[in-house]
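Laboratory data are not the source of any read-out in this text; all were calculated from the coordinates shown. From a predicted model like this one, the values you see are computed outputs, not experimental measurements. Ideal geometry is used to build each Cβ from the backbone, glycine not excepted, and the neighbour counts take in all protein chains shown.
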Amino acid sequence: MLSRSLSARPAMAAAANKAFLSTVGANVPKVPLYINGQFVQSSTDKWIPVHNPATGEITSLVPEATAEEHEAAIASAAEAYKDWRNSTVLTRQRKMMDLQLLIRNDMDNIAELITKEQGKVLSDARGDVLRGLQVVEHACSIPSLMMGETLTPVATDMDLYSLRQPIGVCAGITPFNFPAMIPLWMFPMANACGNTYVLKPSERNPGASMRIAELTEQAGFTPGLLNIVHGAHDSVNMLCDHPDIRAVSFVGGDRAGRHIFARATATGKRVQANTAAKNHGVIMPDANKNHTLSQLVGAAFGAAGQRCMALSVAVFVGSSREWLPELVEMASKLKVSGGMEADADIGPLISAQAKQRAEGIIADSIEQGAEILLDGRQVTVPEKYAAGHFLGPTIMTNVSPAMSCYSEEIFAPVLSCVFVDTLDEAIALINSSPYGNGTAIFTNSGAAARRFTNDIDVGQVGVNVPIPVPLPMFSFTGSRGSIRGDTHFYGKDAIRFFTQTKTVTSLWRSADAEVSRAAVHMPTMK
Ligand code: NAD
């Protein structure tokens, strides 16, 4: 009975998918795969709808690529690697230079794709592209980044030097919240180091990745350097398991991150996995009030809170809690609307489920004793966005660590406020959170800032800077529960992740160079 119902499942799913497809207009575009330099339609019968989160309409269908299509993408990358690994570092630098210019010129176009599929407001979507573009710009320094070391002589006539060599085919799995930046954290550094790539973008917003693939083609990337497959869990599992893939980069939630890290390392791959976060901002009473409150509002509610570096907990130290009414007033002035509207500050959440989940956490936290100072659940938006997934800025206070709004990553415009008496209490609170992605202190005291930066156990720290994401000459150094693996994205760590170090010990005896006269006689057999 059990086996019958299980074997019936794929057929039921296929039937449900067919029924779904028949309800979707025939003119809804299907997102292609990008394999071996060609944009090709998948032959799958499983399609996932991509929604505009501001209107709820289906904008495209993304395929769950078949096993054969994954094989083809990986085979293309493996074949391209044979030549690309021997390309000169100047060739690779040139490709990155051409790509960065094309992305810069196309920024508005990519940003619009992001707003329509992800929901964030257009100005913020431009920032999404810019922060990825900066990594491509950094990849243009690949000749000096790839340099190895030499020590000579280590013994008579003996030299010892190290080379950084590429590792092979690499794969990347990305989340929905930065559709341009995070793919650009991954494949450009991999390609610049001499590797080839298979990218699986978020199935919720593949548009930016597809546009960037077109730009790589214009930049003269040869077929196979970048391949794009689509899908969800099955696609990820195929990438984790495939013996020809040497390294996997992942950015996304905890559940997927744990799974991917375990599964891909089990087959001997290198894995870097950036996962969830809960970031605290500490407000000292001596801080510049206006700067602090405006930065806090931007970092808590910008991108509708759907940033892994969003400040979702405000820790008010001592009398700074008296600033709360002004914080509430400032947050209540934010305009919630479709991201394409010129006056919008906050767009929608990615899905109806994300909104429902956030509202559930707010309701639970109120039951657990939190007080709601600003309630975004009743937000009104223009009529044309009535079917969008909007939640307005929400501020909860009297929050304690046991409450859901503190313990869960809500990924929505919800700020939880905690009150403590001293900086030491704030530091102890943050250090007891499982996550270590980012944190910030707002203060005018150098001594407090120094104590905080030294004692806090979080990988990215801001002093009067709310979202301290490092530029690409450094790495994205989230720590503890926010990362699995020990090599960070971009910066010097990217070179470590995407290359293997080879050491060469060579002996060329200088005495052998003394044979200076040409031998003109016939060799004798002495
Ligand atoms: P997600 O984990 O749901 O999805 C990320 C990717 O993993 C997608 O491509 C998806 O197809 C795949 N995936 C999801 N569940 C899977 C499973 N069970 N098995 C195999 N593959 C699976 O994440 P999301 O909702 O798209 O993104 C939001 C999350 O990403 C948040 O938790 C946020 O904190 C995190 N994030 C972290 C960072 C960082 O640098 N730490 C940056 C951005 C986003």
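From the square roots a ≥ b ≥ c of the eigenvalues of the alpha-carbon gyration tensor of the chain, which class results: rounded (a/c under 1.5), prolate (a/b over b/c), or oblate? Walk me through the intermediate numbers first.
Values: a/c = 2.20, a/b = 1.40, b/c = 1.58.
Taking the square roots of the gyration eigenvalues as a ≥ b ≥ c, the chain is oblate.
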In whole Hz, the Karplus estimates of ³J(HN,Hα) for region 273-282 (6.51, -1.76, 1.60; θ = phi - 60°; x where Gly or Pro) are 9, 8, 10, 6, 7, 8, 9, 9, x, 9
Taking the chain as the reference, fit the longest principal axis to its C-alpha atoms, fit the long axis of helix 107-118 to the helix C-alpha atoms, and give the angle between the two in degrees, 0 to 90, nearest 10. 50
Which residues qualify? For Tyr197, with a placed amide H closer than 5 Å and at least 5 residues away or on another chain, they are Cys170, Leu226, Asn227
For region 386-526, just run the numbers: alpha carbon Rg, then divide by 2.2 N^0.38 Å, N being how many residues it has. 2.00
Calculated FRET efficiency, Ala511 and Glu71, Cβ-Cβ r, R0 60 Å, to nearest 0.05? 0.65
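Taking other Cβ within 10 Å of each residue's Cβ, how do His233, His280, His259 sort, fewest first? Before the final figure, lay out each step's value.
Details: His233 11, His280 24, His259 16.
Going from sparsest to densest Cβ surroundings: His233, His259, His280.
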Partner lysines for Lys30 [C-alpha distance under 20 Å; skip if fewer than 8 residues away on the same chain]: Lys18, Lys46, Lys116, Lys200
Using the Karplus equation 6.51 cos²θ - 1.76 cosθ + 1.60 (θ = phi - 60°), what ³J(HN,Hα) coupling, rounded to whole Hz, does each residue of region 419-428 give in order, writing x for Gly and Pro? 10, 9, 9, 9, 4, 4, 5, 4, 5, 5
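May I ask for the net charge around Gly148, where only other residues with Cβ less than 15 Å from the Cβ of Gly148 are counted and Lys, Arg are +1 while Asp, Glu are -1? Could the numbers behind the result be given before it?
Details: positive: Arg164, Lys492, Arg496, Lys502; negative: Glu149, Asp159.
Here the count lands on +2.
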With just the Cα atoms defining each centre, how far is region 179-207 from region 296-365? Give it in Å. 29
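Counting only other residues whose beta carbon sits under 13 Å from that of Thr275, what net charge do I get with K and R as +1, D and E as -1?
Values: positive: Arg255, Arg258, Lys278, Arg480, Arg484; negative: Asp254, Glu409.
Here the charged neighbours net out to +3.
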For the chain, longest principal axis from Cα atoms; helix 89-105 axis from its Cα atoms; angle between them, nearest 10 degrees, is 30
If you plug each phi of region 313-326 into the Karplus form 6.51 cos²θ - 1.76 cosθ + 1.60 with θ = phi - 60°, what whole-Hz ³J(HN,Hα) values come out, in order, with x for Gly and Pro? 10, 9, 9, 8, 9, x, 6, 4, 4, 5, 7, 4, x, 5
What's the Kirkwood radius of region 28-275 in Å, using all Cα pairs? 18.4
Amide H neighbours of Leu311 at under 5 Å, excluding residues fewer than 5 places away on the same chain, with H built from the backbone geometry, are Ala300
Can you sort Cys308, Cys240 from fewest to most other Cβ atoms within 10 Å of each residue's own Cβ? Cys240, Cys308
